[in-house]
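As C-alpha cells, the structure follows; a few thoughts come after it.
The values are calculated or read from the model by the stated rules, or taken from the named source; none is laboratory data. These numbers come from a predicted model, not from an experiment. In this analysis, Cβ positions are derived from the backbone assuming ideal geometry, glycine residues included, and neighbour counts consider all displayed protein chains. Areas reflect the complete protein model, heavy atoms only, side chains present, ligands, DNA and RNA absent. Shrake-Rupley method; radii C 1.70, N 1.55, O 1.52, S 1.80 Å.
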Amino acid sequence: MKRILLLVLSAIVAMCAVNAQESHASYDSLPVQNDSVVQALQNQIRELKMQGILMQEQLEATGKSIREDSLRVARRKARIDSLRMFMPGVPLIVDGDTLFRLYNRKGGMQPEARVKEIATEILAAGKSMKLIPDSVYVFEGDYTTDIMSGSRVIISLTDNDALWQNSTRQLLGAEYKVIIEGKINQLHAKYGLQQKVKGVLYVVAIIGVMSLLIWCTNWCYRRWRFRVVRSLLRRSRHITVKDYELLNLHRMGVLFMTAFNVMRVLIILLLLFICIPMVFVVFPETKSLTYTIFGYVWNPLTGIVRSVVGFLPDLIQIIIIVLCFRYLVKGLHYLMNEIGSGRLKLSGFYPDWAQPTYYILRLLCYSFMLVMIWPLLPNSNSEVFQGVSVFIGIIVSLGSSSIIGNVMAGMVMTYMRPFRVGDFIKYGDTEGFVLEKTVLVTRIRTRKNNVITVPNSNLLGAQTTNFTSSAQDYGIIVHTKVTIGYDMPWQKIRQLLLDAAHKTKNLRLSPEPFVLITALDDFYVEYELNAYTKDYQQLPFIYSDLHHNILDVFHSNGVEIMSPHIYAHRSDLELQIPKENQ
C-alpha cells in the first residue's frame, strides 16, 4: 500500500514540472501585453515551484517512513521466526477438533485466554437453535481484522497474528473465516433444532421399546413361573445331609420361585442399564453421562476382575499352605487317637492327655497358618485392614479375659489330672460324677441327678476330692460316729461297732475295720467306726446300711445310743431302746 502511494506522488510531481516548463516557454514566445498578465503568470509559476518543493519533501519523508516501517516489520518477523521453534502456539479446540493455533497475545489477554474466549463464541454460535446463512463475515478495521457472527465478534486478528502465520491480516482473516464458518455449520447440524427434534423422537422410541420389554418380562414371569417350578419339582428329590432334611419339596419350590423372581429383577435392571445410556447418548449435551453411567458398573467389575487376576498367584500360595497344614493336622489327629486308645504308649504321656493336646497343637498350627496367609490377603497392608484387625483384637481381648482364664485353667487341669470324666468328686458342698470336661467348663451330675456347670477357673482355685482315684489306689474309708455314756465299757461298744461293720455289705474285711475313741467329753465318750470300701458309687447306700446295722446291734444288746446329760437320779426315765429289743 505504501509503495502504491509513493508512485502516485511521484507522478503528480512530474506532471507539475512539465506544466511549469510549458507555461514558461509560452510566456517567452508571446508578446508582452501588459504587466498584470505577466505578474499573474509569475505568481502561478512560483506557486507551482513551491508546491513541487513541498511535494518533494513530502515524498522524501514518506519514503523514509516506508523504509523505516519495512525495516521495523523485517526485524519483527526475524524475532518471530527465532521464537517459532520455542513457542508451539495454543491450539483452538472446539468440540474435539483443532481449528488453528494462536501465538500472539492481544492487549493484556494471553493466547490461552484468547483461545478459550474464541471457543466459547464459536460454540455459542453453533449451538443456537437458528442459524442465518452467511452470518459469518469479515470486518476490516484500521488495525485489526474481525471475524464476526451477526453482531458478535468471534476473533480479532492483528498484524502480529499474520506475521506468526507468514501472511497478511486480510488473507489470514479470509482463511480463518472459512474454517470458523464450516465449524459453526457443523455444530449447528449437530446441536440445532432439527437434531433436537430427532433426539426427542428417538428418546420416545427407546422408552417405548424399554417399556414393552419390561412388560413382556413381567408377563412371561407371571405366566410361566408356576409351570416351570412344577416341572422342576417333578424331577427333584429331597436333599438330606446325614439325618437332616436340608431341602424338601416345599423349600425347593420356595427356592425356585425366589430364583425366578431374582432373575426377573436382574433382567429388568439389565434392560434399564442398556436403555438409559441410550437415552442420554441421543443428545450431545448428555453424551458424557452415558460413559459415567457405564463407568458406575463397568469400573467396579473391571476392578474386581483385575484384583482377582492379580490375586491368583497369592491364592495358589494360600491353597498350598492350607493343604499342607490340613494334612499336618490330620497326622496329629491320627497320632493322638492312637495314644488315646492305648495302642501307642509314650512314657510320661497319659492317654487322657491325647485329646486336649491335639486341640492345643491344632490351634497352634492354624494360628501359624494364619500368620503365613495374612500378608498374602488382598489389601492386608492397607490402613483400613490393619485398623479393623486391631479393633477386633482389642474387642476380643477386652471381652474374653474370663474366657481366657477358663481356657488356661482347663489346660492346667488337663495336665494336672485331678479328675477324669466318670470320676466321683467332691467340689465344695457338691458331690457327683464328672460328665464332661471342656475347655471352658466342667459338668458334674449329683446324686440327685442335677447337672451342675462349674467354670474351670473356679475348680482350679478350689479344693476338690476325687473319690474314684482314692478308691482304686487305697480304698475309701467309710466312717461314722456314736456317743455313749461312761457307764458302758468301751470294749463292748468297740465290739458292737465292729459287728455292725461286718454285717454291712460292700465293706472290705481286709484291711479290717477299726474303732477310734475320738473324744472324752463331760457326759459321753465319742467312738468312730472306720471301714474300707472300693464301691465309691454306692457310698450313700453303704452309709445307710451301716447305720441300720449299728442300730440293730446296739438295740439287741440293750445299749442306748444317746448322750446322757443327767444331773439328777434317773428314776422315772425309760430306756431309749425299742420295746421289742428290751
**OP:** Quick one: pull the percentage of alpha-carbon pairs in segment 160-259 with a separation above 22 Å.
**Re:** 68
Subject >> Over segment 96-192, volume per residue of the alpha carbon convex hull, in Å³ >> reply: 92
Original post:
Peptides 363-373, 439-449: what's the order by average Cβ count within 10 Å, highest mean first?
Top reply: 439-449, 363-373
**OP:** Could you state the accessible area per residue of segment 110-184 in Å², with a 1.4 Å probe and every protein chain left in place?
**Re:** 52
**OP:** Step through the residues of segment 192-197 one at a time and calculate ³J(HN,Hα) from phi using the Karplus curve (6.51 cos²θ - 1.76 cosθ + 1.60, θ = phi - 60°), rounding each to whole Hz and writing x for Gly and Pro.
**Re:** x, 5, 4, 5, 5, 5
Subject >> Span per principal axis, largest first, for the Cα atoms of segment 207-259 (Å) >> reply: 54, 17, 11
**OP:** Determine the alpha carbon to alpha carbon distance for each of Lys177/Lys287; Lys345/Lys534; Lys183/Lys287; Lys242/Lys345; Lys242/Lys437; Lys198/Lys287 and list only those over 23 Å.
**Re:** Lys177/Lys287; Lys345/Lys534; Lys242/Lys345; Lys242/Lys437
Subject >> Calculated FRET value between Gln463 and Ser307, using beta carbons and R₀ = 56 Å, to 0.05 >> reply: 0.40
Subject >> Total formal charge among the other residues, if their Cβ is under 14 angstrom from that of Ile373, Lys/Arg +1 and Asp/Glu -1 >> reply: 0
**OP:** Could you tell me the distance between the Cα centroids of segment 488-555 and segment 466-480, to the nearest Å?
**Re:** 16
Subject >> Protection-proxy order for peptides 539-546, 304-311, 250-257, 120-127, each taking the mean of Cβ atoms within 10 Å per residue, highest first >> reply: 120-127, 539-546, 250-257, 304-311
Original post:
On the accessible surface of segment 229-329, probed at 1.4 Å, how many percent belong to carbon and sulfur atoms?
Top reply: 72
Subject >> Alpha carbon centroid spacing (whole Å) that separates segment 166-221 from segment 348-375 >> reply: 71
